[in-house]
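Here, each number is a calculation from the coordinates, and none is a lab measurement. Predicted, not measured: the structure shown is a model, and the values here were computed from it. Here the Cβ positions follow ideal geometry from the backbone for every residue, glycine too, while neighbour counts run over all protein chains shown.
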Amino acid sequence: MPDEVTTQTAIPERNARKMREGVVVSNKMDKTAVVAVIERVRHPKYGKFMMRTKKLYAHDETNDVNIGDRVRLMETRPTSKNKRWRITEVLERAK
């Protein structure tokens, strides 16, 4: 019987997930918060930097964020029709 080499199946490494920071603008839904993320983008023709705001729907398992809180988001699998992000931590509470 020849020497058999036992090989484990290689588990592929997962890519780094996107992280964003933003401000909560709505928490009316159950376990969902709407977070406004502001990003600076360069105009393709004129080169001027502009501020672009995107509203992202994020999963908030404990319903503990309030309007005005600064939060950190992490990209995740789709949770519902619009939710593709989840809140990982609250950076600053609203005053």
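The alpha carbon radius of gyration of region 19-92, expressed as a multiple of 2.2 N^0.38 Å, is 1.19.
I need the peptides 36-49, 78-91 ranked by packing, meaning the mean over residues of other C-beta atoms within 10 angstrom, with the highest value on top. Present the calculation step by step, with values, prior to reporting the outcome.
Numbers: 36-49: 9.5, 78-91: 14.6.
Going by the mean number of other Cβ atoms within 10 Å, highest first, we get 78-91, 36-49.
In this structure, the residue pairs whose Cα-Cα separation is over 31 Å, taken from Lys48/Lys81; Lys45/Lys83; Lys48/Lys95; Lys18/Lys95; Lys45/Lys81; Lys31/Lys54, are Lys48/Lys81; Lys45/Lys83; Lys48/Lys95; Lys45/Lys81. Rounded to the nearest 5, the antiparallel percentage of DSSP beta bridges internal to the chain is 95%.
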